1. How do the pairs read when you match residues in the range A:57-74 that are among the aliphatic types (A, V, I, L, M) with residues anywhere that are surrounded by 12 or more Cβ atoms within 10 Å (Cβ to Cβ) and assigned to a loop (DSSP other than H, G, I, E, B), using Cβ under 9 Å and keeping only pairs 6 or more apart or on different chains?
2. Keeping to the range C:302-338, report how many residues are closer than 15 Å to C:GLY86 by Cβ, within 14 Å of chain A (Cβ to nearest Cβ) and of a type in the set (Gly, Ala, Ser).
3. Could you check how many residues of the range C:466-476 are in contact (Cβ under 8 Å) with a residue 12 or more places away in the chain and within 9 Å of chain B (Cβ to nearest Cβ)?
4. Find all pairs meeting these conditions: Cβ atoms under 8 angstrom apart; at least six residues apart or on different chains; first residue within the range B:63-91 and away from chain C (no Cβ under 14 Å); second residue among the aliphatic types (A, V, I, L, M) and not in a helix (DSSP H, G or I).
5. Looking at C:GLY202, C:GLY153, C:GLY112 in this structure, which one is under 21 Å from C:ASP279 (Cβ atoms), crowded, with 17+ Cβ neighbours inside 10 Å and either at pLDDT 90 or above or not small (Gly, Ala, Ser) (or both)?
6. Please list, ordered by first then second residue, the pairs with beta carbon atoms under 6 Å, 6 or more apart or interchain, first in the range C:165-187 and more than 8 Å from every other protein chain (Cβ to nearest Cβ) and more than 17 Å from C:GLY496 (Cα to Cα), second assigned to a loop (DSSP other than H, G, I, E, B) and of a type outside the set (Val, Ile, Thr).
7. Within the range C:304-315, can one find any residue that is of a type in the set (Phe, Trp, Tyr), under 23 Å from B:GLU251 (Cα atoms) and either surrounded by fewer than 24 Cβ atoms within 10 Å (Cβ to Cβ) or under 24 Å from the mean Cα position of the chain (by Cα) (or both)?
8. Looking only at the range C:265-280, which residues are in a loop (DSSP other than H, G, I, E, B) and either basic (Lys, Arg) or farther than 14 Å from C:PRO235 by Cβ (or both)?
Amino acid sequence: MSGALRAVEPPTLPAPAAAVQTLASSRPESLWADAWKRLRRNRAAVISAAFLAWIVFTAIFAPWLPGMQDPTLQDLKLGAVPPSLAHWFGTDELGRDTFARVVYGGRISLMVGVVATLVSLIVGVSWGAVAGYRGGKTDELMMRFVDILYSLPYIFLVILLLVFFSRSILMLFVALGLVQWLTMARIVRGQVLSLKQQTFVEAARALGAGDAAVIFRHIVPNTLGPVIVYTTLTVPAIILQEAFLSFLGLGVQPPDASWGTLVSDGARVLALFPWLVVFPGLALSLTLFCFNFLGDGLRDALDPQDRRDVL
Amino acid sequence: MSLLAFIARRVLLIIPTLWVIATLTFFLIHAAPGGPFQAERDIPAAAKEQLMRQYGLDQPLVRQYGRFLANAVRLDFGPSYKYPSRQVREIIFEALPVSAELGGWALLLAVLVGVPIGVIAAVKQNSRADYAAMGLALAGVSVPNFVLGPVLVLGLSLTLYLLPPALWQGPESRILPVLTLSTAYIAYIARLTRGGMLEVLRQDYIRTARAKGLGESVVVAKHALRLGILPVVSYIGPAAARIMMGSIVVESIFSVPGLGRYLVNAAFNRDYTLVLGEVLFYASFLMGLNLVIDIAYTRLDPRVELA
Amino acid sequence: MRDGRRSRLPVRLLCSAAVRHLAQVPRRNGFRHPRLRPLAAALLVALALGACAPGEDGVVRTSASGPRWFGATSLPPGDVFRFSLGAEPETYDPGLAVGQPDGRVARILFEGLTREDPQTLEPLPGQAYRWELSDQGRTYTFHLRPGIQWSDGRPVTAGDFRWSWLRVLRPETASRYASFLSPVVNAEAFNKGDVKDDRQVGLEAPDDSTFVVHLASPVPYFLYLCQFYTCLPVPRWTIEKYGNRWTLPGTIVTNGAFTLTYWRQNNRFEFAKNPRYWDAASVRLGRMVGYTLDDLNTTFNLYKAGVIDWCPSGYFPSAFIPYMRGYGDYSHGDFQGVYFYSISVTHPPMNNVWVRRALNHAVDRDAIANQLLKGSRRPWGNLVPTGYPGYLNPPGIRFDPGYARQCLAKAGYPGGQGFPKISILINTSEDHRRIAEAIQAMWKRELGIAVAIQNEEWGSYLQTLTSLHYDVARRSWLGDYLDPNTFLACYVTGDGNNRSGWSDSRYDAMIRDAAKELDPARRLAILQQAEALLLSEGPVVPIYHYSTNELIKPYVRGIYHTALDIHPLTRVWIDHDWQKRAAPVAVAPGGPGTETR
């Protein structure tokens, strides 16, 4: 690509498209092996990955961990008490154990982050790949649609989605994912545009592969690098957005609680019961922090030629 | 393509986009359950009918749509349903300067802090300085601003009494909201700068410059930075549009009379005219700024052509 | 805030580091601290102090034994009174005003025939200096005070009152509170458009200073009704000239103690003393600033920092209430409002009266009010609040899990078996959510039934409530006037505020009979029976009695607790010598009004 700035493609995709380069289809094994080597050298990324693994483990196995209390068990008489041996992270105003709430909140937050990211991944990758591969009028139309959604205020879209469909956690996944897929679609489209000229695609076509097969079997796998990087950065972004929705009261519904709801509730009583914001806040922030570090590390590792940021 | 032709083409594309957005928003908000004239305390049926008639809400939706479009072309969205003494236009133009000022300062701070952090991190890639700089920046994006805001208020306003805890009065009232709003942007910008710089620093011309014996700081400052911050430039367009259209969190924590609160509350209150006005304004603002940024891009990077 | 004219706070007793910092407040030219420390240090201190309840830090004592005051107590510059108005008023046009903030602004700017006593709310002479009752309580004749003027110098006439009241009644005005005037002859018919000629409405202005009101039948609380802000007079000529925009500063003309000098939406109202007000001599404030603050924490912070002098009831987070009790700022009292759950009786299983009784008796009101809300509210098992002169509540619903389980068994769901999952509808708010979570747990524990919480944002919540597509919904009701009728009339069949689908002909008949009953004692006895019936059959799960909880700086005088949380501000003043006076401010708090959100 000449590095032309496509006029129809304003918002995020910053990049001088020079940026979007082929992530090498030639020697995939060595590419991944190299990347792995580079990643291991990045200490911050390795530590982040280890921490995340621990958090995920705790979240998944929460109900079976020894000494875990029931996060919904109330004790109105007890009320909010500071951390103690009985309640490591203290209790909230309904007398519920904050430690258990934080651990279970992690389940919800991580689930929201991962599932909504998957939604955005599936929609975004398919949309971007089809648009990029088909090109021409189809591309123009599909990307226009992305532009339109992109120009709507994000929060307005989410409110509408949550207003129209009943408020379930499922809807929250969809709402967050559907808003997040736009950037993904743009990234994938950029990749596909350059990939489809390549000989291996021509070859596949010559061998009689259908469009769908070419797109999903040959092209999409080759966009994996940037997609993986972007995905790692989308998970924390979505967790944070769920927290933001919780601040507006639109997050997950009780008795479920995410880190976002815990933190936004806690922030309101910061001066009274600081432990209600400190512990869930630490869990949330450390997790986001590690995801971001890992994402940056992955980008350095996977994509040494191309520093274009995918944010 | 000449600059003028480029601008003309883009503007021509913006118009149909705005139309689709207007249409979409109109039908979506009208389809949302509830309406603007609901209250905890019941409104007598007669009064409600009268209000519907006054605002033309009793007419068929298509007719309302037509009238809305005709007025929107003249930038006239009519009075807000929720605040009947005010025109939507007035509300937007009263709140916009506030949000724009808040956002402008925050973005400026983000650039002033984020770019140096990113440059340092790139120049010393994978060193302790890199980790420390990026760690600091990423901490900013990892703490939700509805936590950061109250913590700053508790410390600086309510304990030390250094700064006012809220309200938009006087220069010192700007500090806390700007700080709160900018942290996330500092992180993004630092990361973008780092990425851009890393790419540029590997380029041949930088090697040449180094080979010529130029000091590293000169190389970085004079040669690399110009291209290295290109990703930041392209990010700033949409970021500026978004940040200047207001942040509901920062505006409500600090009671800033900006646009962000109106958007969310208007959607909750089904204030149809205010929602439509805000959304359309937002979209045009966003697209307009992007156009400006694209033009700026060509000035910074001669490799980029207008297409 | 920045004019820095405020006097310095005499620093008498400072013990902790936090208090030392507080002492800097008076040097208030913009919160500038002489030794600006590094941010990190500041944050550390903040976090460390964050761990104390507000009871610990930010305390200033005026004397070793006197009350403690919360946060800054430096005086405002001059005779300025600054307070929170709560959410942005939708309109402060008296005829159209709806919410509590709307009414608060309208009452500052306009004065009616009578005005409220700041403590008892009884009608005192206002624009009318005397009135007579004749025709067996059906005709009120008001005599306007001679020489009263609008702020533009025009005289206030009886014609202005007649025009203003007719405006409220005109169908095209679409006033939401037109029903306040429905006791007036033909008012309702005129409002519905059945009577077109305004001369048939029982409002007369035989001359400029006499205003005569004819009622269809005697209404014992009519003077309270026409004290409501809907009945305030408005300037006809500006409304005719400017339409909807007549209320903007610059065009607005008022007849109350203050005029509007500045308004910025989502920021503040500024009021200045109206020199043409008849009683201007006793208005001691030169200026008032009402900030529109919708975030409760922000309001609380501004109060602590001394930016506002009065935080009306319901405008600071309820979690803080228990910790404010030790301060002289805090005032607390009953308020005519009840927080309850409404049951939509239109569908099974909620159409079964035994199910409703089971739910009702399984709510531990005491735990909610005293433990969860730390005694900031009163547990309440009735629909009608306390404090109506002469009215005795029937016995309230009590927490009785055993009886609740029997009821559920009678309904056909022993031990909760076979009971479908129901949900509690709330509008988005942390306070509502905590209570719903507590009740969810109680119903599960006592009745063994599964309950979901359905949280909707305001617009959808109202729609769901009105369309009865809910099982149980959070509601609250605040009294408009001092009579139980303001609560009980809501549950008449088909009333717009019923919102439960409940209908009982016996109940309707009782409310009708009461309205016709001339003997006050007998009337209240009928209403008491009606409430008893409603509680035993009806769709209401009362939870707590509202209280007012407000914060008032020690130097503010003249704000009192009232049963309706209405605060006439005309006589408020700033006591610049407050520290020399022992006089505690006799205040009790205000209430929610907007807390309905």
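1. Pairs that qualify, where the first residue is among the aliphatic types (A, V, I, L, M) and the partner is surrounded by 12 or more Cβ atoms within 10 Å (Cβ to Cβ) and assigned to a loop (DSSP other than H, G, I, E, B), are A:ALA62/A:MET68; A:ALA62/A:PRO71; A:LEU73/A:GLY95; A:LEU73/A:ARG96.
2. Adding up the residues that qualify gives 1.
3. Going through the range C:466-476 one residue at a time, the tally reaches 3.
4. B:GLN64/B:LEU57
5. C:GLY112 is the lone residue from the list that is under 21 Å from C:ASP279 (Cβ atoms), crowded, with 17+ Cβ neighbours inside 10 Å and either at pLDDT 90 or above or not small (Gly, Ala, Ser) (or both).
6. As it stands, the answer is C:ARG167/C:GLY95; C:VAL168/C:GLY95; C:VAL168/C:SER175; C:VAL184/C:GLY202; C:VAL185/C:GLY202; C:VAL185/C:ALA216, since those pairs meet every condition given.
7. Yes, because at least one residue in the range C:304-315 is of a type in the set (Phe, Trp, Tyr), under 23 Å from B:GLU251 (Cα atoms) and either surrounded by fewer than 24 Cβ atoms within 10 Å (Cβ to Cβ) or under 24 Å from the mean Cα position of the chain (by Cα) (or both).
8. C:GLN265, C:ASN266, C:ASN267, C:PRO275, C:ARG276, C:TYR277, C:TRP278, C:ASP279
The values are calculated or read from the model by the stated rules, or taken from the named source; none is laboratory data. Keep in mind that what you see is a predicted model, and the values were worked out from it rather than measured. When we count neighbours, we look across all protein chains shown, and the Cβ atoms used for this are built from the backbone with ideal geometry, even at glycine.
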